[in-house]
Amino acid sequence: MKKILFSAFILFAMGAAAQEASEIKPAAKGVVYGESITAEGAAIKAAELESKMSNGSYEGKVTGKVTEVCKAMGCWIRIEKADGSSLMVKSKDHAFFMPQDLVGKTVVVEGSATIKEVSEEKRRHFAEDAGKSKEEIKKIKGSEQQVQFVARGVQVVE
């Protein structure tokens, strides 16, 4: 009986996840993912973020072009910085998901940024979620310090 209940729960969870994924709105100007936010107000460019972080943190809005979306669930994006690197933006508590067609769009994200030590295991996990090859994933060695932004909401502006 436990096996039947467990199997039913797994099927229900998979169905709910599939339904939720299919309800993600396509990326278009004005669409908001997560909490309702507006592009209005003082959003800084992703390249300026580190210089605006006092005491290792920042609270507010950041804008930039999306270069990558988590292929597994759409729970994180990367925003391009002027030096060619990118800013990791995660949805707070996996509360919302974003579509693959967000790549190339300019967004405003609202939330908080902190500097985190990201383990080798977590870096490999992100690379796997991004669809990187096994060879690329094996090349990831050691932990590194990264600025990570936890977004309450994301709005497409272009």
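The values are calculated or read from the model by the stated rules, or taken from the named source; none is laboratory data. Note that the structure is a prediction, hence the values are computed from the model and not measured. No Cβ is skipped: glycine too gets one built from the backbone with ideal geometry, and neighbour counts run over all protein chains shown. Only protein heavy atoms, including side chains, enter the accessible area calculation; ligands, DNA and RNA are left aside. Shrake-Rupley method; radii C 1.70, N 1.55, O 1.52, S 1.80 Å.
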Original post:
What residue, of K52, K71, is touching a Phe, Trp or Tyr at 6+ places or on another chain (Cβ under 6 Å) and surrounded by fewer than 19 Cβ atoms within 10 Å (Cβ to Cβ)?
Top reply: K52
Original post:
Within region 21-30, is there a residue that is at pLDDT below 55 and exposed (fewer than 11 other Cβ atoms within 10 Å of the Cβ)?
Top reply: yes
Original post:
For region 112-133, how many residues meet the condition of being crowded, with 17+ Cβ neighbours inside 10 Å and on the phi > 0 side of the Ramachandran plot?
Top reply: 0
Original post:
Going through region 100-109 one residue at a time, which ones are open to solvent by 20 Å² or more (accessible area, probe 1.4 Å) and within 12 Å of the chain's Cα centre (by Cα)?
Top reply: Q100, V103
Original post:
What residue, of V66, V154, V150, V108, is free of Cβ contacts under 8 Å to residues at least 60 places away in the same chain, in a strand (DSSP E or B) and closer than 26 Å to T38 by Cα?
Top reply: V66
Subject >> region 74-98 - residue that is among the aliphatic types (A, V, I, L, M) and not in a strand (DSSP E or B) and, of those, surrounded by the most Cβ atoms within 10 Å (Cβ to Cβ) >> reply: M98
